[in-house]
Amino acid sequence: MENVNLEALFIKLQEWAVTFGIQLLSAIVILIIGIQVAKFARKIAEKALKKTQVDVTIVNFLGNVVYVIVIALVTIVVLGQIGVKTASLIAILGSAGIAVGLALQGSLSNIASGIMLVIFRPFRVGDYIEGGGTAGIVKEIQIFNTILTSPDNRRIFVPNSKFFESSITNYSAEDSRRIDLVFGIGYDDDIKQAKQLLLDILAEDSRILSDPAPTVGLLELADSSVNFAVRPWVKQADFWDVYFSLQETVKQRFDEAGINIPFPQRDIHIHQS
C-alpha cells in the first residue's frame, strides 16, 4: 500500500516538474522576448518623437518611460505564466500601496522630479550645469537619475530630486558669457598706460565680443598693487580658451612694456645685540 502511494506521489511530482519546467521555460522565453520588445518600443517612440522636432531631453525621458511600462507589463505576463495569480497580486499590491509608497518615497520623489525637469526644463541635454552637489555636461535625464559627464570625463548619476533640493546654475543657457579677471600693477607704474594696454589686448582678440563691450576699470587700490577688473564677453564655446590665453597675453605684454605685476613679498630684518 505504501509502495503504491509512493509511486503515485512520484508520478505526480514528475508530472508537476514537467509542467512547471515547461511553464518556467516559457516564462524565460517571454521575458527575453519582452526585453527586446521593450527596447524596440523605446526606439520606435524616440524615433516618432524626433520626427515631431521635440527637444532631445523630452525624447530620451519619454523613451525611458515607454521602456519601463513595457517591462512592467512583461513582468506581469511572466508571473502569470509560472502560475502566480496576477489578479491577486495586483490586489495585494493595491492594499499595500501606502506601505509601498512610504518605503519607496525616495524613488517616487525622483520620478516626480524627473517629470518636473522635463516639463520646466531648467537644463537640456548638452548643457553644462552645476547642481545637486556636482557639475558636468547633461547626457541624459532618466526616470530616476540625471546622467552628467564631468570635465575630466567621469560619468555622474545624480538623483533627480537632488536638483530640487539645491539651486541649479546653467552655464549654457545663454549664447554669451562674461570672463571676470583681475590684473594688478605696481604703484610706480603708469595707470593710463596699463589700462590702454589692456584695452588694446582685448580689441586685438577676435573672439572677444564687441557687444556687450568689454570693461576695463580700476577695481581697487590694494596693499601692494593697483588692481584692474577686466571683463570681456565671449561666446560660450570660447570661454575657457580666451580665459587661459588672455592671462598669458597680458603677462607677456606687461613684461614687454616694463609694467610690473606685484607679488607678495616679506622683508626680514635681523637685529644683532
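Suppose the filter is in a strand (DSSP E or B), modelled with pLDDT of 85 or more and out of contact with any Leu (no Cβ under 6 Å at 6 or more places or on another chain); does Glu140 pass it?
On the way: in a strand (DSSP E or B): yes; modelled with pLDDT of 85 or more: yes; out of contact with any Leu (no Cβ under 6 Å at 6 or more places or on another chain): yes.
Yes; evaluated as a whole, the condition is true for this residue.
Say we look at the stretch 51-66 and pick out the residues that are over 19 Å from Gln36 (Cα atoms) and in a helix (DSSP H, G or I); which of these is modelled with the lowest pLDDT?
Residues of the stretch 51-66 over 19 Å from Gln36 (Cα atoms): 51-59.
From the residues that got through so far, the ones that are in a helix (DSSP H, G or I) too are 51, 56-59.
Details: Lys51: 74, Val56: 71, Thr57: 68, Ile58: 71, Val59: 75.
Applying the filter and picking the extreme gives Thr57.
Hey, Val182 hits all of (1) more than 16 Å from Glu256 (Cβ to Cβ); (2) crowded, with 16+ Cβ neighbours inside 10 Å; (3) among the hydrophobic types (A, V, I, L, M, F, W, C) but one; which does it fall short on?
(2)
Just for the stretch 201-241: of the residues that are touching a Pro at 6+ places or on another chain (Cβ under 7 Å) and in contact (Cβ under 8 Å) with a residue 24 or more places away in the chain, which one is surrounded by the fewest Cβ atoms within 10 Å (Cβ to Cβ)? Walk me through how you get there before you give the answer.
Applying the first criterion (touching a Pro at 6+ places or on another chain (Cβ under 7 Å)) to the stretch 201-241 yields 202, 208, 214, 224-225, 231-233.
With in contact (Cβ under 8 Å) with a residue 24 or more places away in the chain added as a condition, the list becomes 202, 208, 224-225, 231-233.
On the way: Leu202: 21, Ile208: 19, Ser224: 11, Ser225: 20, Arg231: 17, Pro232: 25, Trp233: 18.
Only one residue fits best here, namely Ser224.
Assess whether Ile147 counts as being modelled with pLDDT of 90 or more and more than 30 Å from Arg207 (Cα to Cα).
yes
Which one of the conditions (1) of a type outside the set (Asp, Glu); (2) at pLDDT below 70; (3) surrounded by 10 or more Cβ atoms within 10 Å (Cβ to Cβ) does Ala27 fail to meet, given that it meets all the rest?
With respect to (1) of a type outside the set (Asp, Glu); (2) at pLDDT below 70; (3) surrounded by 10 or more Cβ atoms within 10 Å (Cβ to Cβ), Ala27 is out only on (2).
Looking only at strands (runs of 3 or more DSSP E) that fall completely inside the stretch 169-273, which ones have 2 or more residues that are more than 32 Å from the chain's Cα centre (by Cα)?
181-185, 215-221, 226-231
Quick check on the stretch 152-166: of everything there that is modelled with pLDDT under 90 and in a loop (DSSP other than H, G, I, E, B), which residue is nearest to Ser107 (Cα to Cα)?
My answer is Glu165.
The values are calculated or read from the model by the stated rules, or taken from the named source; none is laboratory data. Given the structure is predicted, the values throughout are model-derived calculations rather than measurements. With ideal geometry, Cβ positions are generated from the backbone for all residues, glycine too; neighbour counts draw on all protein chains shown.
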